[in-house]
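> The structure follows.
The values are calculated or read from the model by the stated rules, or taken from the named source; none is laboratory data. Fair warning: this is a prediction, and the values are worked out from it, not measured in the lab. Cβ atoms come from the backbone with ideal geometry, glycine included; neighbour counts cover every protein chain shown.
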Ligand code: PMP
């Protein structure tokens, strides 16, 4: 019989799929790493397992303890899975821009959700950073993984995401592209891929971060944008700015249009940060030739955004186009 002991053992090992439609006119191979196929539905399952393992080993997390984390949902799901299997409670603190569906998912896993205003400074007492700090201190057995500074976040990507991509491309990828939120994905995966390719002919893998327009990574001040899970208004310790060779800034409008195209043209129902990352990947790929292989990481599923990006009324209410024909020619009648 072939089966996993627990759902946690199914984290990682996600596949690559070639993008065929949105890459029209591009000669490089563009491969997407489909992280929504993780059991919790996102890339964040990887860091959740690694952070909890490390906290158990160090004694920071004791039997029966409570995990408290500021999360836009995905890290919460990953942590909730691990917590459930190992007997911990979970309290998640998220900004109010996070969709109700995402909060409902966390509650479904048995976690408690506390909602805080998005439009306050990080050091404001009501910010989701401040509230999670206070709860971690006040709740008995409270432990805050802190994905923004925990070195086990980037480490999980160094140990799993990077090696998977290297192995699945037979060491032939030339560019790695990922959105930047905490920076853990780009830092850990990018560092591994650069190290492992350092001495090969043709030079090391180029690492490209993608950031919402207005966020600090691409030179902004943290001006609010609507895409979730990426961009920052401060510099997290999980991010090593020496890893990316380049940062591409993408607008909400471009990110959301591409997210809708990925569902309609590639059969990939993914989140807004995936559309954003693909816009960045295509910008890079347009400059490349047929021997180049670009891998772009798609962090999560589109299920959490059905009432937003995939809802025409929501899109129009922010002035975004709902014309999804893109560059595609209409199918012939009959
Ligand atoms: N997209 C989504 C939907 C996310 O939840 C996250 C995690 N914040 C990211 C992208 C960015 O990943 P990282 O935090 O590793 O930079």
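To keep it simple, each residue is scored yes or no on (1) within 16 Å of residue 271 (Cα to Cα); (2) touching a helix residue (DSSP H, G or I) at 6+ places or on another chain (Cβ under 6 Å); (3) modelled with pLDDT of 95 or more.
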{"site": "1", "(1), (2), (3)": "no, no, yes"}
{"site": "11", "(1), (2), (3)": "no, yes, yes"}
{"site": "16", "(1), (2), (3)": "no, yes, yes"}
{"site": "23", "(1), (2), (3)": "no, no, yes"}
{"site": "31", "(1), (2), (3)": "no, no, yes"}
{"site": "36", "(1), (2), (3)": "yes, no, yes"}
{"site": "46", "(1), (2), (3)": "no, yes, yes"}
{"site": "50", "(1), (2), (3)": "no, yes, yes"}
{"site": "53", "(1), (2), (3)": "no, no, yes"}
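> Any residue at all in the stretch 271-283 that's touching a strand residue (DSSP E or B) at 6+ places or on another chain (Cβ under 6 Å) and part of a strand (DSSP E or B)?
Scanning the stretch 271-283, I find no residue that is touching a strand residue (DSSP E or B) at 6+ places or on another chain (Cβ under 6 Å) and part of a strand (DSSP E or B), so the answer is no.
> Among the numbered conditions (1) within 17 Å of the chain's Cα centre (by Cα); (2) over 20 Å from residue 47 (Cβ atoms); (3) away from the ligand (no atom under 13 Å from the Cβ), tell me where residue 295 comes up short.
Going through the list (1) within 17 Å of the chain's Cα centre (by Cα); (2) over 20 Å from residue 47 (Cβ atoms); (3) away from the ligand (no atom under 13 Å from the Cβ), residue 295 breaks only (2).
> For the subset of the stretch 178-197 comprising residues that are more than 14 Å from residue 46 (Cβ to Cβ), near the ligand (Cβ under 7 Å from one of its atoms) and not in a strand (DSSP E or B), which member is nearest to the chain's Cα centre (by Cα)?
180
> Sticking with this structure for a sec: Sort out which residues of the stretch 44-63 are away from the ligand (no atom under 16 Å from the Cβ) and closer than 21 Å to residue 107 by Cβ, and write them in order of number.
Result: 52, single match.
> Let me ask something additional. Looking only at the stretch 234-255, decide whether some residue is under 24 Å from residue 20 (Cβ atoms), in a loop (DSSP other than H, G, I, E, B) and in contact with a helix residue (DSSP H, G or I) (Cβ under 6 Å, 6 or more places away or on another chain).
The answer is no, given that none of the residues of the stretch 234-255 is under 24 Å from residue 20 (Cβ atoms), in a loop (DSSP other than H, G, I, E, B) and in contact with a helix residue (DSSP H, G or I) (Cβ under 6 Å, 6 or more places away or on another chain).
Conditions (1) within 16 Å of the ligand (Cβ to nearest atom); (2) in a helix (DSSP H, G or I); (3) touching a helix residue (DSSP H, G or I) at 6+ places or on another chain (Cβ under 7 Å), marked per residue:
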{"position": "101", "(1), (2), (3)": "yes, yes, yes"}
{"position": "113", "(1), (2), (3)": "yes, no, yes"}
{"position": "120", "(1), (2), (3)": "no, no, no"}
{"position": "124", "(1), (2), (3)": "no, no, yes"}
{"position": "150", "(1), (2), (3)": "yes, no, yes"}
{"position": "170", "(1), (2), (3)": "no, no, no"}
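> Residues 280, 231, 272: which one is surrounded by 17 or more Cβ atoms within 10 Å (Cβ to Cβ) and at pLDDT below 95?
231
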